[in-house]
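Heads up, the thing below is written out as structure tokens.
The values are calculated or read from the model by the stated rules, or taken from the named source; none is laboratory data. All of these numbers come straight from a predicted model, not from anything done at the bench. Glycine also receives a Cβ, built like all others from the backbone with ideal geometry; neighbour counts cover every protein chain displayed. All accessible areas refer to the heavy atoms of the entire protein, side chains included, with ligands and DNA or RNA removed. Shrake-Rupley method; radii C 1.70, N 1.55, O 1.52, S 1.80 Å.
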Amino acid sequence: MTTRAHVAPVSAARLPDVARQRRRWRLPFSPWHLLLAPLALVFAAPLVWLLLSSVMSNAEINRFPPSLWPSGIDFSGYRYVLENALFLRWFSNSLIVSVVTVAANLVFGSLGGYAFARMRFRGSKAMLGLMMATMAVPFQLTMIPTFLVMKKLGLIDSLGALIVPSLVTPFAVFLLRQFFLSLPRELEEAAWIDGCSRLRVLVRIVLPLSRPALSTVAVLTFLSTWNDLTWPLIAINHDTQYTLQLGLTTFQGQHHTNWAAVMAGNVITVLPVLLAFLGAQKTFIQSITSSGLKG
């Protein structure tokens, strides 16, 4: 004879109490924030230190142990930077190089990415593989050949030497290709039936749907171009053609360094980068999550 355990039914009056108790122990935010918030503070610490150091005097910056908080607001570093006759020229040079490079990568990257994503031609997979393989080649190996090519073209010591090698990058082509693969083909096929050419389909249909990927390419290209120091240091000789990163190195001498000016110049340099990232943060994350759906 089998016996059945008697389970007392939960009364209907106790159900709201149980639900309220569960809601009481639920955090008002994601538990991941308990880990991410301290990490965010760690990553923000260098930026905060840079901002505080920019309003310190050279004596405070060089003090040991270092001062964690300025004794007073000192804008001598900013005055030194802004009164430098070439600083605005350096800023405009960096802006010109970055804007032209971003625009070129968006145009050529879109054309190349769409060709690899939608067009089937002989050797397309091999070309894609070779293009991806170039991403693994360090810049130090291509530095001398690139310099010789720019010298043959007569672009050394000009902004063209900084723009031409970066007109299109394998990363831009690959990222846009991955995003184009995630778009439904039905939209493009409907446009083809209406008589649209491939170029018109790309411009009128594909690119408006690819704003997250285009924003990501623009932001990452802008960051890499704006912060580049190695290639301008090799290709540029005259101070009127310096970029902002290269110009800031002139504040550091062999026997004396104006650290207040260096910190102030870096704050001004970081501001466009922060604005570019904050403006495209949502589309950046959306592109990263959607561009890896199809391979």
Pop a pseudo-label 7 angstrom from the Cα along the beta-carbon direction at both T249 and I234 and give the gap in nm to one decimal.
-> 1.2
Taking a label point 7 Å from the Cα of N84 along Cα-to-Cβ, the residues of the range 210-253 whose backbone nitrogen sits under 14 Å from it are 239-253
May I ask for the equivalent-ellipsoid semi-axes of the range 26-86, computed as the square root of five times each C-alpha gyration tensor eigenvalue and listed largest first in whole Å?
-> 35, 15, 9
Sites A37 and L278, calculated FRET efficiency, Cβ-Cβ separation with R0 22 Å, nearest 0.05 = 0.75
Please calculate how many Å² of accessible area the range 25-180 carries per residue, with a 1.4 Å probe and no DNA, RNA or ligand atoms counted.
-> 63
M119 and T257 label points (each 7 Å along its Cα→Cβ direction) are spaced in nm at 5.0
Rank M150, M131 by accessible area, highest first, at a 1.4 Å probe radius?
-> M131, M150
Could you check the simple spin-label distance between V149 and V107, using points 7 Å along Cα→Cβ, in nm with one decimal?
-> 1.8
Charge dipole magnitude, Cβ of K and R +1, D and E -1 - the range 172-211, Cα centre, debye nearest 20 = 200
Determine how large the accessible area of I193 is when every protein chain is in place; take a 1.4 Å probe and give Å² rounded to the nearest 10.
-> 140
